[in-house]
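Everything on this sheet refers to the single structure shown next.
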Amino acid sequence: NRNQMLQTNKMIAVGQLAAGMAHEIRNPLGIIRTQSYLLRLNENQEETTNKSLDFIDSSVNRASSIIDNILSFSRLTGNKKDFVNLKEIIQKIIEMHNDIIKKENIRVSLECSIDEKLKLSTESMEHILLNLISNAVEAMEHGGEIKINANVEEGNIIIVCEDTGCGIDEKNMNNIFNPFFTTKELGKGTGLGLFIVYSEVEKMGGKIHVSSKLGEGTKFTITIPAERNNDDRII
Ligand code: ADP
Ligand code: MG
């Protein structure tokens, strides 16, 4: 039956993901092995030593953020839903980025006219917002603006995250949600962020729309059906 099939598909997907993760962690480990071998050979020449150490640092960072992401991903399934204040969740995630926002000269605005509490998993929403906002911040090395908008329209929760950052190259558009797809340098990106966003949104029966222009900015629109109670009120 359909349920069984979904379960099987999920197991295949998890297996592929595990294989991908093993592969992705092996890469930085390989770099560490090579560089420490070079360190051993090299007769204390400061410049090459520092270069090797830089490679080792960024590889360790990459491996450890892949592992962090795997851990958060493994916690994703079966998040329990509560009545939550979406605006507060968004504000909290923005605050987590306050230091970098100040440092990089980024302006952030939030518009949210939702008064009622929504039946949602806090953890899922945090994963989604954290990844969208940190991508927006990382896309704006020379400052810019992030606009976040959250509303309920026609029974859907609609969250828009728009930035004036570097934009996404047309040729990468089909890949951005794939696990491990990243355009960021070694140690900076894991390519798991949007995959996690996609998995979370899909789990809630929602949709993601992206529009982007290279050099101008990117806009992610997430639409999630709001849950209703017996009197057909949105809850
Ligand atoms: P990571 O951030 O680790 O690279 P993600 O899955 O979060 O991985 O994003 C995948 C890729 O999508 C990024 O490497 C980047 O090329 C592109 N991307 C995502 N969000 C944005 C954005 N707001 N602006 C520009 N590019 C983006
Ligand atoms: Mg990311």
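Quick notes
- Here is how the number arises for the chain: DSSP H runs of 4 or more residues each give -39500 (n - 2.57), the sum is divided by the residue count, and the result at 222 nm is -16500 deg cm²/dmol.
- P(r) weight above 16 Å for segment 105-147, C-alpha pairs, percent: 51 percent
- Difference of contour (0.36 nm per residue) and Cα-Cα distance, Thr221 to Leu39: 60.7 nm
- Remark on segment 105-183: ratio of C-alpha radius of gyration to 2.2 N^0.38 Å is 1.24.
- For the chain: span of alpha carbons on each principal axis (Å, largest first): 77, 50, 32
- Alpha-carbon Rg/Rh ratio, for segment 150-213, with Rh computed the Kirkwood way: 1.00
- Across segment 101-218, C-alpha contacts under 8 Å between residues 6 or more apart give a mean separation that, scaled by the residue count, equals a relative contact order of 27 percent.
- Averaging 1/r over every pair of different alpha carbons in segment 41-127 and inverting the result gives a Kirkwood radius of 16.9 Å.
Each reported figure results from applying straightforward, stated rules to the coordinates on display, with no laboratory input. Given the structure is predicted, the values throughout are model-derived calculations rather than measurements.
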